[in-house]
Every structure is written in structure tokens, then in C-alpha cells.
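Any read-out appearing in this document is the output of simple, stated calculations on the displayed coordinates, not a laboratory observation. Keep in mind that this is a model prediction, so the values were computed, not measured. Cβ placement follows ideal geometry from the backbone for every residue including glycine, while neighbour counts extend to all protein chains displayed.
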Amino acid sequence: MTTLKRIALTLVIIGAVNWGLIGFFQFDLVSAIFGGQDAALSRVIYSLVGISGLFCLAILFDPMTDTDEDTGSGTVRTNNVNYGTEFSEETDLTRVKEDNPEDKNE
């Protein structure tokens, strides 16, 4: 994950926590820390959270890439799933028993 994506995600999480506090407790943490909703620094934080939300919205619709990564255990884990199966002929045991004359005596 790139640094810009991490910063945007962090700001979106801050905004989500702030909105949760507003919804549950009617307490605006950002305005309490930075001097009210009309303070310049609070407005900067609100603006950065909003821009980060738009950026994360764009990330949501980016196609995910499948990459191989080393898990450290000596195995390579991939996100590519192989749903193929192997088919083989099963031995029909009833036919084998009928064809074997020794089994008929039993």
C-alpha cells in the first residue's frame, strides 16, 4: 500500500471515529481539539478528511491485482485459485470379482 493511500485511509478513519462520536455522544472531537468548528485548523482537518474520503472512493473501484508474495515460511502464497480437478477411471470392483474364477468358488 502506498504512502498516499495509507494517509488517506488514516484520515478517513479519523473522520469515521469523529462522526461516530458525534452520532453517539454529540461530541465533535476535531472541533474540541482544534478550537471549534469555525477554527481554521478544524476546517483544514474537515477538508482533508473529505478529500481523503473521495480518494478512498476512487480506490474502492480500482481493480485488485493478484500478486505472489513470500509468506516467510518457504512457501509462496498466491491469490489465484485453481478450481480444476483430476478425473480418473475408478475400478469397478464388481466386474473384477465376476471375471476372477477363484472368487466364484467362495
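What FRET efficiency do you get for Arg43 and Met64 if R0 is 35 Å and r is their Cβ-Cβ distance, rounded to the nearest 0.05?
Details: r = 35 Å, r/R0 = 0.99.
After rounding to 0.05, the efficiency reads 0.50.
Give the Cα extents of the range 3-60 along the principal axes, in whole Å, largest first.
30, 25, 15
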